[in-house]
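Below you'll find the structure, written out as structure tokens, and then a few comments.
The values are calculated or read from the model by the stated rules, or taken from the named source; none is laboratory data. Not measured: the values here are computed from a predicted model. As a convention, Cβ positions derive from the backbone with ideal geometry for all residues, glycine included, and neighbour counts pool all protein chains shown.
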Amino acid sequence: MSEHHKETFITKYIFSQDHKMIAKQFLITGMFMAVIGMIMSALFRLQLANPGQSFAILEMLLGKWAPGGVLDPSMYLALVTMHGTILVFWVLTAGLSGTFANFLIPLQIGARDMASGFLNMLSYWFFFLATVVLLWSLFVETGPASAGWTIYPPLSALPQAIPGSGAGMTLWLTSIALFIVGSLLGSLNYIVTILNLRTKGMSMQRLPLTIWAILLTAILGVLSFPVLLAAALLLIMDRSFGTSFYLSDIIINGEVLHNAGGSPILFEHLFWFLGHPEVYIILLPALGIVSEVIAVNSRKPIFGYKAMVGALIAIAFLSFIVWGHHMFMTGMNPFLGSVFTFTTLLIAIPSAIKVFNYLATLWKGNIQFTPAMLFAIALVSTFITGGLTGLILGDSALDINVHDTYFVVGHFHIVMGLTAIYGMFAGVYHWFPKMYGRMMNKNFGYIHFWGTFICAYGVFFPMHFLGLAGLPRRYYTNSAFPMFDGLTDINSVITFFALAGAIVQMIFIFNFFYSIFKGPRAKQNPWRSNTLEWTAPIERIHGNWPGEIPHVYRWPYDYSKPGADEDFVPQNQPLKEGEVEH
Amino acid sequence: MTNILIAIIVFLIIALLVQILRVSELLSEINNTDVNEVTDEDNNTQGKLYLAITFIFLGFVIWQMVYWNHFLLPGASSVHGEIIDGLMSFTMNLILVVFFILTPLLFYYAFKYRGKKTNTAYFYSHNNKLEIIWTIVPTIVLSCVIVYGLQTWNKAMNPDTSQSKVIEIYAKQFDWTARYSGSDNQLGKANYKLVKGRNQLGVDLNDEKSEDDIVVREVHLVKDQSVLLKFRSRDVIHSAYLPHFRVQMNCVPGMVTQFAFTPTQTTAEMKEQEGEDFEFILLCNKICGVLHYNMQMKFVVETQEEYDVWIAEQKTLKNTLTLK
């Protein structure tokens, strides 16, 4: 029994309810936004390394925001803000979860589609609408939102405080509200599908780690995104309807505001109650993808499956009680700071377990260096490097002096940005044959990987030194302070690697689009993997399997199992007589 | 014209890439191999590249630590700052040790266990003993970090302020102002609705505590004398950041925040150590608007005698406002 049906161009490519097509829609929209976010970072990196210098390309792209080819300070802040917003929400939340949750859940658990195909379609189109509104905000007269991606009021509430807090911020808030609706529709669907539509034999203990990670991500999203929605709605009220949730005792540009009794700190609490789980909404799917990729390409079972699941659950739980570590310097009660330091540093324990288990998985493996595997190993490296500096930032006493400096920028770009984007690349390379029925070019993948790996560390590692020199983030230039004069050297190094890294990404984009249309046809199971998606036919059909859905008899990690005929045993193969389940 | 040229070049590059892919695919067809199949040769090359990158990456890290070390902030110039520096070097050393063990180990495994058609991986799904060990060891280490961290935090945040000189730091887009509490060591009340003309801090002049308050644009402190900074903001959130003293606190409109510390070095001593250009600087460290990058105020630490001379030259706020 298959659910495949006749499809018109519109129901196949645009208003599709097939999870595989929706996944591709998320992926391509995410990639498009990633390119925009990356170009923005290239533009402000130019300014940072060459303060005051004129670049024709800046004037060409930004017009009045770069008079004479010199970036305007308010546009600098707008670029930083939009870069953060796009990368955090559009690329690493929607682009990553939207793509792989949609694509992998039904295929890996053995379901015909999501629990509600219609809600799933709606989830994408809310996201699409959010994207349109966000891009629209780039073109308004007063410029896009520029209060930082964390949009702390009063800066974000008062158009008098910064031009970007005018129409740009209104559109930003509208866009994020639409985004959250889309994200919630998606997440609910993911949870329901995983809990209810698993095929016969697919017990929770036999779920691939990707699905575990996606399930926890979706739970985090459902519990935390509504809080941001509430925070955004209150901010809209303050901005447009004269309320004082976040505003009190303010004089701006000589104008005395009537607002009294509100607290900007309330916004920070609401924001980070989403904001910190958000870090793990970004990170967990990447860790899930990589658990799969490392096991497949080491030709070994993932080491300590139960501990891996336990660590994921622990991280997800802890992520809800650590948000205050973003606010150590807000003047909150020092005792509260102690509590958040304690809970924050605890996260290092499940994180350490994951790292050790990845190392143990590689140990005595038979490693196949597909491009996906290269990115997976690099992810473990960035997770180590970035995670370690978290011990400094999570410690309130040390945070006093590195809070809001470039040390933070270096830390989160490595531990969250790079780790998640490596996970995303690993996922794309690994599942591309399943998505498009064709192969991406391996050698271009190798070049893309090494270029990215070297440039990315070249960009973000030096930032720790800027931070330890005391340089605050979001400074248009560091030339206003003699104490930072020498740091332009470091900034030049960073900008060099940033631009080189951006060019390397073009190889990936080329490889991706070329391979969709012209890549060599993929085999049924090119990586010789155990999970169910590789038992589905290469040709895309709505309903995934033409006949019956395969049943599951074993966990997904029977690689190089002694006594097996090959070095992999797909989940739908019954246990042999006398064979014990791992 | 340049745009057309750029467009042509981009087009040519893409065409070149397409041809490269075509050729490699055709070649593999002739040789009857799959161009995208990972061969033993690939595994060998990539494994060795991982070994090479270990040296390049760690070398780069060490190079930065050696050549960029002089950019880092000098040792703390405050009592609690020195304690924080102690915790910082403890944590930093711990991080470096773990980093320099795990990173090479990861890349070495990638190299050592690079795949070969004839090899078989070792089926090893779990080992409870091992997993318990690497749960307990980080737990013990982290307990030490947490205890040490919380002790330091409590010392930094709860100093004895009974003898501290009270100074208000007032933030607005895009400058700082300071108000000394004067001989009574008590700040007069302030209200944002009273901001008018030269009374830029909105000080309530009817409050007798405000009579001796002094408003200045440069802060002078006495070495080894504790100060209690009280922060207010007029418009948006700012953050008062004094990197050399290891002091940071947000300035939030609608509330008063505070931070107490004791400077241990005079500006003159620091100039001897760090060079003639050295100054203690207060920076804004929370995005606050277009000129955020240039919101600063000088702090001067000096001896009691120098301070007495300076403070005697300053007029009280009441004086300034009534003198016209």
Confirm whether residue A:402 is facing chain B (nearest Cβ under 10 Å), without any contact (Cβ under 8 Å) to a residue 40 or more places away in the chain and out of contact with any Pro (no Cβ under 9 Å at 6 or more places or on another chain). no
Pairs, first assigned to a loop (DSSP other than H, G, I, E, B) in the range B:180-201, second small (Gly, Ala, Ser), C-beta under 6 Å, six or more apart: B:187/B:181; B:188/B:210; B:191/B:202; B:195/B:202; B:201/B:190
Quick one: would you say residue B:148 is of a type in the set (Ser, Thr, Tyr) and either within 7 Å of chain A (Cβ to nearest Cβ) or without any contact (Cβ under 8 Å) to a residue 12 or more places away in the chain (or both)? no
What are the residues in the range B:21-35 that are part of a helix (DSSP H, G or I) and surrounded by fewer than 13 Cβ atoms within 10 Å (Cβ to Cβ), if any? B:22, B:23, B:26, B:27, B:29, B:30
Has the range A:429-437 got any residue that is hydroxyl-bearing (Ser, Thr, Tyr), within 10 Å of another protein chain (Cβ to nearest Cβ), within 20 Å of residue B:42 (Cβ to Cβ) and more than 16 Å from the chain's Cα centre (by Cα)? no
Flag if residue A:256 is free of Cβ contacts under 8 Å to residues at least 40 places away in the same chain and within 30 Å of the chain's Cα centre (by Cα): no
Looking only at the range A:108-134, count every residue that is of a type in the set (A, V, I, L, M), in a helix (DSSP H, G or I), in contact (Cβ under 8 Å) with a residue 60 or more places away in the chain and surrounded by fewer than 24 Cβ atoms within 10 Å (Cβ to Cβ) and tell me the total. 3
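Of a type in the set (A, V, I, L, M), farther than 19 Å from residue A:142 by Cβ and assigned to a helix (DSSP H, G or I), is that true of residue A:61? Write out each step before concluding.
Numbers: of a type in the set (A, V, I, L, M): yes; farther than 19 Å from residue A:142 by Cβ: no; assigned to a helix (DSSP H, G or I): yes.
So residue A:61 does not fit the description; no.
Residues checked against (1) assigned to a helix (DSSP H, G or I); (2) surrounded by fewer than 19 Cβ atoms within 10 Å (Cβ to Cβ); (3) among the charged types (D, E, K, R):
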position: B:48; (1), (2), (3): yes, yes, yes
position: B:66; (1), (2), (3): yes, yes, no
position: B:80; (1), (2), (3): yes, no, no
position: B:84; (1), (2), (3): yes, no, no
Can you tell me how many residues within the range B:281-324 are of a type outside the set (D, E, K, R), surrounded by fewer than 18 Cβ atoms within 10 Å (Cβ to Cβ) and farther than 30 Å from residue B:74 by Cβ? 7
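Restricting attention to the range B:204-245, and to residues there that are part of a loop (DSSP other than H, G, I, E, B) and surrounded by 23 or more Cβ atoms within 10 Å (Cβ to Cβ), which single residue is farthest from the chain's Cα centre (by Cα)?
Filtering the range B:204-245 down to residues part of a loop (DSSP other than H, G, I, E, B) leaves B:204-207, B:211-213, B:217-218, B:223-226, B:234-237.
When the remaining residues are screened for being surrounded by 23 or more Cβ atoms within 10 Å (Cβ to Cβ), the result is B:213, B:235-237.
Working: B:213: 33, B:235: 24, B:236: 21, B:237: 18 Å.
Checked the range B:204-245; the qualifying residue farthest from the chain's Cα centre (by Cα) is B:213.
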Looking only at the range A:412-423, decide whether some residue is more than 7 Å from chain B (Cβ to nearest Cβ), surrounded by fewer than 24 Cβ atoms within 10 Å (Cβ to Cβ), part of a helix (DSSP H, G or I) and polar (S, T, N, Q). no
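Does the range A:395-411 hold any residues that are part of a loop (DSSP other than H, G, I, E, B) and either of a type in the set (A, V, I, L, M) or crowded, with 24+ Cβ neighbours inside 10 Å (or both), and which are they?
Within the range A:395-411, the subset part of a loop (DSSP other than H, G, I, E, B) is A:395, A:403-404.
Residues satisfying the conditions are A:395, A:403.
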I need the full set of residues from the range A:162-219 which are under 30 Å from residue A:79 (Cα atoms), within 14 Å of chain B (Cβ to nearest Cβ) and surrounded by fewer than 24 Cβ atoms within 10 Å (Cβ to Cβ), in order please. A:163, A:166
Can you tell which of B:39, B:54 is of a type in the set (S, T, N, Q), within 23 Å of residue A:493 (Cα to Cα) and touching a Ser or Thr at 6+ places or on another chain (Cβ under 9 Å)? B:54
Filter the range B:275-294 down to residues that are among the hydroxyl-bearing types (Ser, Thr, Tyr) and over 14 Å from residue A:480 (Cα atoms), then give me how many there are. 0
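So, residue B:55, is that one in contact with a helix residue (DSSP H, G or I) (Cβ under 8 Å, 6 or more places away or on another chain) and either assigned to a helix (DSSP H, G or I) or over 30 Å from residue B:150 (Cβ atoms) (or both) or not? Even if it seems obvious, please write down each step before you answer.
Numbers: in contact with a helix residue (DSSP H, G or I) (Cβ under 8 Å, 6 or more places away or on another chain): no; either assigned to a helix (DSSP H, G or I) or over 30 Å from residue B:150 (Cβ atoms) (or both): yes.
Taking the combined requirement at face value, the residue does not satisfy it.
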Scanning the range B:151-179 for residues that are free of Cβ contacts under 8 Å to residues at least 24 places away in the same chain and either assigned to a helix (DSSP H, G or I) or away from every other protein chain (no Cβ under 12 Å) (or both) gives B:151, B:153, B:154, B:157, B:162
Identify the residue in the range B:114-129 that is free of Cβ contacts under 8 Å to residues at least 40 places away in the same chain and at the interface with another protein chain (Cβ under 7 Å from one of its Cβ atoms) and, among all such residues, is farthest from residue A:566 (Cα to Cα). B:126
Take residues that are under 25 Å from residue B:81 (Cα atoms) and out of contact with any strand residue (DSSP E or B) (no Cβ under 9 Å at 6 or more places or on another chain) and tell me which of the helices (runs of 4 or more DSSP H) falling wholly in the range B:257-324 contain 3 or more. B:267-274
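Being at the interface with another protein chain (Cβ under 7 Å from one of its Cβ atoms), part of a helix (DSSP H, G or I) and closer than 30 Å to residue A:478 by Cα narrows it down to one of A:349, A:392, so name that one. Before the answer, list the steps.
Details: A:349 fails: closer than 30 Å to residue A:478 by Cα.
Just one listed residue meets the conditions, A:392.
Identify, from the list A:582, A:542, A:551, the residue that is within 28 Å of the chain's Cα centre (by Cα) and either away from every other protein chain (no Cβ under 13 Å) or at pLDDT below 95 (or both). Show your work before the answer.
On the way: A:582 fails: within 28 Å of the chain's Cα centre (by Cα); A:551 fails: within 28 Å of the chain's Cα centre (by Cα).
The conditions single out A:542.
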